[in-house]
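To start, the structure under review is shown below, and the notes come after it.
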Amino acid sequence: MDSITQAVLGASIQGALLGRWQGRKALLYGALLATVPDLDVVMEYGDAVANMTYHRGFSHSLFVLSGFALLLTWLARRFRPHPGYSANRLLLTLWLVLITHPLLDAFTSYGTQLFWPLMPTPTAWSSLFIIDPLYTVPLIAAVVISLFTGLREQSWRIPAVALTVSTLYIGFSLAGKFMAEQRVERELARQGIQAEQLFTTPTPLNTLLWRVIVLDGEDYHEALVGWFDDEPPQLQRLPRGTHLRAQLAGSLMHQRLDWFTGGMLRYDQVDGHLIVTDLRLGMTGFHPFRFDFAHLQDDKWQVHDPIDRLPFERGEAEHLVLLFKRIWQPELKVPLLAWAGELQKPFLTETRSQ
């Protein structure tokens with residue numbers, strides 16, 4: 001999730017558990033501590049694929065953060081003891097502030113390595129968009145009110161209520177994800193399509209309209225599914241370009257990207273370059289993680305080292321407006337095929353020289 005959401009989540013947790021003793025300082029301590037796991041973004045791992053796939057790694061590990069919480073508790077009790085609360089209460093607070101950061105991240109589509117140094121596919125429950133105002137606003141409101149009240153007496157209950165509301169909202173997002181998957185699976189069964197894999201993610205800034213991706217051999221299907229839809233989902237078939245995978249058989253970075261994304265990748269030959277796109281993130285046709293893996297030279301593919309990331313095309317405001325309209329108007333046609341065509345357009349900026 002975005003840094004503001006993580007900060008107000010940490011502030012709300014510490015405010016609810018230690019605010020009656022620490023006052024407003026609890027909000028500051030919680031906000032600062034909650035942002036610590038994202039400090040790994042300043043680290044350089046060698047190329048664009050490594051930077052993507054090592055992010056949310058060791059710094060988001062439940063094992064590492066639990067140990068860090070123990071260390072911080074020992075240091076605080078050793079050098080800044082407070083008679084008002086026990087070491088156990090302090091440990092619980094610090095632990096919750098730290099581990100809720102990667103757990104919240106795991107509800108997005110990016111992928112979070114909760115069990116580092118073990119190497120299962122990164123966790124991506126993908127029920128929340130990376131920025132979701134309906135999740136964040138109650139926490140922001142609680143922090144602002146708490147700054148005025150000082151969290152004394154019974155006002156510590158305000159962040160506790162906000163945390164309850166935001167947690168219930170996560171439950172609603174999981175219900176939406178289940179709804180979308182069930183509707184698409186019924187349509188797949190009706191059409192006799194044997195899905196290799198299915199990935200569901202909310203469209204930007206909401207949990208009312210869902211984007212469902214279905215892998216199907218050389219192709220994949222995309223569908224939009226909303227809470228207010230009356231008709232079955234319309235599956236749009238798109239080329240996945242998996243025949244190009246063989247050209248990257250020896251690339252360790254491709255293997256790592258394939259592992260990190262759970263195989264939700266698309267391959268395009270554009271301007272003599274082999275472009276690999278992570279389909280999970282962004283809107284159809286406008287994906288933040290696209291990588292220039294190889295180029296043609298003398299009719300042979302030359303794999304790059306290091307791998308570059310293409311400039312991020314966010315799409316236009318009208319794309320987002322159309323998606324919001326689609327929530328309330330299920331009959332509205334969203335041109336997913338045309339949007340996906342953006343992935344095969346020539347580069348707008350200069351790429352790596354051949």
Original post:
Across 20 Å bins from the origin, how do the percents of Cα pairs in the chain run, short distances first?
Top reply: 27, 51, 20, 1
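Let me know the number of lysine pairs in the chain closer than 22 Å at the Cα, not counting same-chain pairs under 8 apart.
Values: LYS177/LYS325; LYS177/LYS333; LYS300/LYS345; LYS325/LYS333.
Counting lysine pairs in the chain gives 4.
Over the chain, what is the relative contact order in percent, taking alpha-carbon pairs closer than 8 angstrom and at least six residues apart? Present the calculation step by step, with values, prior to reporting the outcome.
On the way: 614 pairs, mean separation 50.6, N = 354.
In percent, rounded to a whole number, it is 14.
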Original post:
Ignoring ligands, DNA and RNA, what percent of the accessible area of the chain is carbon or sulfur (1.4 Å)?
Top reply: 61
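What Kirkwood radius, in Å to one decimal, follows from the Cα pairs of region 282-335? Walk me through the numbers before you get to the answer.
Values: mean 1/r = 0.0718 Å⁻¹.
It works out to 13.9 Å.
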**OP:** Using Cα pairs closer than 8 Å and at least 6 residues apart in sequence, work out the relative contact order for region 103-183, in percent.
**Re:** 24
Original post:
What percentage of all Cα-Cα pairs in region 231-295 are separated by more than 18 Å?
Top reply: 36
Original post:
How many Å² of accessible area per residue for region 88-204, probe 1.4 Å?
Top reply: 47
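The values are calculated or read from the model by the stated rules, or taken from the named source; none is laboratory data. Just so it is clear, the model here is predicted, and its values are computed rather than measured. The protein model used for the area step is the full one, side chains on, heavy atoms only, and it has no ligands, DNA or RNA in it. Shrake-Rupley method; radii C 1.70, N 1.55, O 1.52, S 1.80 Å.
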